Each structure stands twice: as C-alpha cells, then as structure tokens.
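J.: Below you will find the structure I want to go over with you.
The values are calculated or read from the model by the stated rules, or taken from the named source; none is laboratory data. Keep in mind that this is a model prediction, so the values were computed, not measured. Cβ placement follows ideal geometry from the backbone for every residue including glycine, while neighbour counts extend to all protein chains displayed. Side chains included, ligands, DNA and RNA excluded: accessible areas come from the protein's heavy atoms. Shrake-Rupley method; radii C 1.70, N 1.55, O 1.52, S 1.80 Å.
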Amino acid sequence: MKYVADSSCDFATFPGIDFSMVPLTISTDEREFIDGADLNVDEMLSYLENHKGRSYTACPSTDAWLQAFGDAKEIFAITITSGLSGTYNSANIAKDMYLSDHPDAKIHIIDSLSTGPGMYLLLEKLVEFEKAGLSFEEMCTRIEEYKDGNHLYFGLQSINNLAKNGRVNKILASAIGMLGISILGTASKEGTIESVAKCRGDKRLIKDTLREMKAVGYHGGKVRINNVVNPAISDALKAAVLAEFPKADVLCYPSFGLTGYYAERNGFILGCECQ
Ligand code: X90
C-alpha cells in the first residue's frame, strides 16, 4: 500500500509504511518556499513579517502527485480541505491520469475537510486498518466514517494571511489583530473556517478549546497538536487534556510551512477523536 499526503499534514516520513509527502509552496514575488521537513519555518515567517509585498500559496501540481504515486497498485492520498484549497482537485486530476495509465490500480483520494493534525489522525487510522487486514474497499468506507467523528480546532493570534488570501471574510479579520487576542476556530462540516470565540490570553484560549472539544463529544480519544514555532502552547494544551483525561494519547509537534504560514506565529491546530 502506498500512502501520500500533501505537506499541510506537517510530516514528511511516517514509520513503517511507504509514504510520500507532496509539497505546497509559499511565495512572494521575490522568493519561493517549498514546504517540507527542510524548510526553516521560523526564518520564513520572519522574512514574510518584514516583507512589504504580497504573499500567497499554491497547491501541488498534478505532476507532483503522479510522481508520488510512483507505480503503486493501491494508493491512499489525503489532502487538505477542498473548502480552502485546490489541492484535492489537483489530486483527483492526477488520479484520473494515473488510472488511464494503470487501469488495474486502486486510488482513493480523501478530502480531509481538515488539515494538519486532522490529516495525521486519518493516516494513523488507515495504517491501523491495513494492519488489521481490512480490504482496500473496507478501508475506503471506514475512513470516511472515522473522519466524520473527528474535530479540528485552531488558535490563531493573527489571521492576516488567511484574510489576504481570501480564506476568511474581512469582517472576521478586522475583529482580531488586537494585542493579546486570539481567535479560536473550528473546521465546519464543509471544511471551511468557522469562528468559535475570541480569547484574551493563552489561559483562556486553552480553557475554551477544551470546553469546545468536550461540547462536541471529546472524552479521552487521540489528540494531535501542531504549533507554529511555539511548543509552549501545544504543551499547555496537552497538559490541559491530560489533567481531565489522564489516559489520552496526545502528541505535540512543530508545524511545517503551509500550516505555519496560515496559522501564523504562535498559532496551533488541534485534531481530536470524538467518537
Ligand atoms: O491551495 C493553497 O494554496 C492552500 C490554501 C490553504 C488555505 C488555508 C489553510 C489553513 C491552515 C489555518 C487553520 C486551519 C483551518 C482548517 C479549516 C478546515 C491553517
């Protein structure tokens, strides 16, 4: 089995499986950053914070997907939400091209309707399904069910890059930007950004995140948390989860460039199982 995900998943390798990551890019008119494990996110953010001109991102090309598919017989690919990116679409174009050259191959492209840690949970579950001996078709059905039971939350100190690139509405964007105010958001059922609360200070943000998780049914399942060059925020979230659910499996790790660019410095994205 071949597994592929775009770089918004925040990892480039995955233990024990044949995995490839397909990068998105972050650009200004002068520089291009190719997302991945080798990208220095802190340096990129500093450059962008001092950059006067526009910045933007681009989804992977169909060619990049095709390269990642290699010549595998069975492929699962996971993409960032189609509600915010053309990545899912480019993966599907690649799928059709691949199938016309490899008519016996099986490919399932999963629209995560999420990103980062939400994609991490999906890959872990697929690997679990494969180890349990599920067929390709069973994996396709079961992963969609699993996806429905997960939730994504994010805490952002700035949504400038989201607003500049038209991924949140301008009214929401102007509502924050005040010092010390973070926005707590969640992924809607359609895979778009939904604002939950405005929070003053990290303590409040962490408390509200946990409250929201519990309100949608979180009761001790797996949690995956990235952070944008701010390990303290994901560590504090982990501690808060463990204080109420001591047996929970919680992992914290740094973001790559795409999620770092949009979640911005000090931000976090948290994915959790709620079933
Ligand atoms: O195709 C492209 O150029 C990539 C566009 C990505 C746009 C948004 C990425 C947002 C990542 C922000 C919080 C998480 C929101 C997830 C909601 C489903 C980080």
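J.: Check segment 232-246 and report whether any residue there is in a strand (DSSP E or B) and open to solvent by less than 20 Å² (accessible area, probe 1.4 Å).
T.: No - not one qualifying residue is present in segment 232-246.
J.: Just the residues that are more than 23 Å from residue 109 (Cβ to Cβ) and within 13 Å of the ligand (Cβ to nearest atom), please, taken from segment 27-40.
T.: Within segment 27-40, 27, 32, 33 meet the criteria.
J.: A further question follows. Among the candidates 58, 37, which residue alone is surrounded by fewer than 17 Cβ atoms within 10 Å (Cβ to Cβ) and within 25 Å of residue 124 (Cα to Cα)?
T.: Exactly one of 58, 37 is surrounded by fewer than 17 Cβ atoms within 10 Å (Cβ to Cβ) and within 25 Å of residue 124 (Cα to Cα), namely 37.
J.: Within the set of pairs 6+ apart or on separate chains, which have a first residue in segment 100-114 that is farther than 19 Å from residue 151 by Cα, a second that is in a loop (DSSP other than H, G, I, E, B) and of a type in the set (D, E, K, R), and C-beta atoms under 6 Å apart?
T.: Final answer for the pair search is 105/73.
J.: Just one of (1) touching a helix residue (DSSP H, G or I) at 6+ places or on another chain (Cβ under 8 Å); (2) polar (S, T, N, Q); (3) under 21 Å from residue 268 (Cβ atoms) trips up residue 28, so point out which.
T.: Among (1) touching a helix residue (DSSP H, G or I) at 6+ places or on another chain (Cβ under 8 Å); (2) polar (S, T, N, Q); (3) under 21 Å from residue 268 (Cβ atoms), the lone unmet condition for residue 28 is (3).
J.: Exactly one condition in (1) farther than 16 Å from residue 107 by Cβ; (2) open to solvent by 30 Å² or more (accessible area, probe 1.4 Å) is false for residue 73; which is it?
T.: Among (1) farther than 16 Å from residue 107 by Cβ; (2) open to solvent by 30 Å² or more (accessible area, probe 1.4 Å), the lone unmet condition for residue 73 is (1).
J.: Tell me yes or no: at least one residue of segment 255-266 is modelled with pLDDT of 95 or more, at negative phi and more than 16 Å from the ligand (Cβ to nearest atom).
T.: No, segment 255-266 contains no residue that is modelled with pLDDT of 95 or more, at negative phi and more than 16 Å from the ligand (Cβ to nearest atom).
J.: Where residues in segment 145-157 are open to solvent by 60 Å² or more (accessible area, probe 1.4 Å) and modelled with pLDDT of 95 or more, which of them is nearest to residue 207 (Cα to Cα)?
T.: The extreme case among them is 148.
J.: Let me ask something additional. How many residues does segment 84-95 hold that are in a helix (DSSP H, G or I) and either within 16 Å of the ligand (Cβ to nearest atom) or small (Gly, Ala, Ser) (or both)?
T.: Counting residues in segment 84-95 that are in a helix (DSSP H, G or I) and either within 16 Å of the ligand (Cβ to nearest atom) or small (Gly, Ala, Ser) (or both) gives 8.
J.: Is there a residue being in a helix (DSSP H, G or I) and closer than 25 Å to residue 260 by Cα anywhere in segment 96-109?
T.: There is no residue in segment 96-109 that is in a helix (DSSP H, G or I) and closer than 25 Å to residue 260 by Cα.
J.: Oh, and also: What number of residues within segment 202-222 satisfy the criterion of being touching a residue at least 60 places away in the same chain (Cβ under 8 Å), within 16 Å of the ligand (Cβ to nearest atom) and open to solvent by less than 30 Å² (accessible area, probe 1.4 Å)?
T.: Of the residues in segment 202-222, 2 are touching a residue at least 60 places away in the same chain (Cβ under 8 Å), within 16 Å of the ligand (Cβ to nearest atom) and open to solvent by less than 30 Å² (accessible area, probe 1.4 Å).
J.: Can residue 56 be described as of a type in the set (Phe, Trp, Tyr), within 16 Å of the ligand (Cβ to nearest atom) and closer than 18 Å to residue 189 by Cα?
T.: Judged against the criteria, residue 56 is not a match.
J.: Output the residues belonging to segment 188-201 that are open to solvent by less than 30 Å² (accessible area, probe 1.4 Å), of a type in the set (Gly, Ala, Ser) and touching a strand residue (DSSP E or B) at 6+ places or on another chain (Cβ under 6 Å).
T.: 188, 197
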